[in-house]
Ligand code: ADP
């Protein structure tokens, strides 16, 4: 081929290649080698802008710009590579290094370089192809980070093939089962399954093959030393790129301590319940039996007082009055205690309009309400599923206190809101209020903040309210009223239908 034709075709081909370079993400540069080992760049493909953030023309106009984009820690190593090529010690080279972008971002690139001798000009020409590695590196780093998390997790994490051969085994697994990864990888997972749990593997695998995940499955496993222990397993299918299930990953947690804790807790609960029942029975029997001698004391005191009426001095009459008063107080204490002890038992709950319960409570307090000219206003109320007499007593106690602990005309407001699966009832009053340091202790039995002379009472009302609310699965508390008084709030889980609680 004549040389001019060869050159013409060469030029044509080069133009064609340069056009193609516009479409690929890798970037290409061409440079002539200077005598002193430097490069004079003659071409940068347009994609250099994506890699470096600068235009191809910038690099051509400023010959040192490319090297100034290389991270300072990496540039000696990059320059050394170019020198090796230009000195003829290598014909091609590959270097991974970092670029430092204008915005401070570091980007890993891979540069493949190649030296060519132009037979016509006799010049040394270097061609470089730059591939951006950052995404691939980030992906690798992310993988390495995840692998480190798995490896260092205290939970046992392993993977197995569909035929149950263990493929990966982390440090947590080693600690839990006692096998090192060398000992167990390649062995069947049945090595870890005690005879009590055989058959379970097939069941798990068939569910996994259907793509199901098995969550918190409690079973037994066997350690290397042969001991069995309880575990909670979460088994998930592992899929290949086409979405086919090719194996499973298992996260196992040793629940020996949890089980022991749970059974201690259950035992303690059982004992607590038993002792509560005993206490309630005791209170019921004691208060019932105390009523009998008390009645005798009261009756004979009255007989004595009547019989001796004429012989008694004023002082002695006063003493008799005090004894009779004390027996009456004791009688009401015993009655309240008896009522209180009956509240704890199993409760039958049925749906009822809350307004109906409130009407019943108001009817029981009709005398006090009219004597104190009280106003009771009620918002929109729902139907609730409660023990009817228990809830009537609850509202009655709260209303009675709102009437009692108020010096003027009582105003009582009842409202309800639904919050996260619960009704929150509020009973607000305009009474004397309760100091915030007593907001908790007033719900304790016999806790009173006033003397009997100021306000009569036995200190059982709010303890009963708490017992009723808690027996229904709710909580009760008191807050300061907005301007005056107090707001009693209690919750009640929203449910429907009749049942026992
Ligand atoms: P009692 O009313 O028989 O004393 P409670 O258990 O019903 O017993 O109430 C305990 C204490 O809480 C009361 O002695 C009173 O000091 C305070 N208290 C209860 N309700 C109110 C109220 N609505 N306003 C102010 N104080 C109250």
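Every number in this text was worked out from the coordinates using simple rules, so none of it is lab data. The shown structure was predicted, so the numbers you read here are calculated from the model rather than taken from an experiment. Counting neighbours? That spans all protein chains shown, and the Cβs are built from the backbone with ideal geometry, glycine included.
By the count of neighbouring beta-carbon atoms within 10 Å, fewest first, 27, 301 end up ordered 301, 27. To the nearest 10 degrees, how steep is helix 461-471 against the longest Cα principal axis of the chain, on a 0 to 90 scale? Orientation of helix 461-471: about 50 degrees from the principal axis.
The relative contact order of region 217-350, computed from alpha carbon pairs under 8 Å that lie at least 6 residues apart in sequence, is 18 percent.
Cβ-to-Cβ counts within 10 Å put 330, 176, 417 in ascending order as 417, 330, 176, the fewest first. Within the chain, all pairs of alpha-carbon atoms sorted by distance into 20 Å bins from zero give the percentages 15, 22, 22, 19, 14, 6, 2, 0. Diffusion coefficient of region 108-163 by Stokes-Einstein, Kirkwood radius over Cα pairs, 10 °C, 1.306 mPa s: 101 µm²/s. Apply the a/c threshold of 1.5 to the C-alpha gyration tensor of region 148-191 and tell me whether it is rounded, prolate or oblate. It is prolate, given that a/c is not under 1.5 and a/b is the larger ratio. Angle of helix 388-404 to the longest C-alpha principal axis of the chain, folded into 0 to 90 degrees and rounded to 10: 80°. For region 247-374, the Kirkwood hydrodynamic radius comes to 20.8 Å, computed from all pairs of different C-alpha atoms. Relative protection proxy for 431-442, 348-359, from highest mean packing down: 348-359, 431-442 (other beta-carbon atoms within 10 angstrom). Based on alpha-carbon atoms, the Kirkwood radius and the radius of gyration of region 97-254 give Rg/Rh equal to 1.27. By the beta-carbon count within 10 Å of each Cβ, the least crowded to most crowded order of 429, 240, 155, fewest first, is 240, 155, 429. The alpha carbon convex hull volume per residue for region 17-90 rounds to 103 Å³. Between the Cα long axis of helix 200-209 and the first principal axis of the chain there is an angle of about 60°, rounded to the nearest 10.
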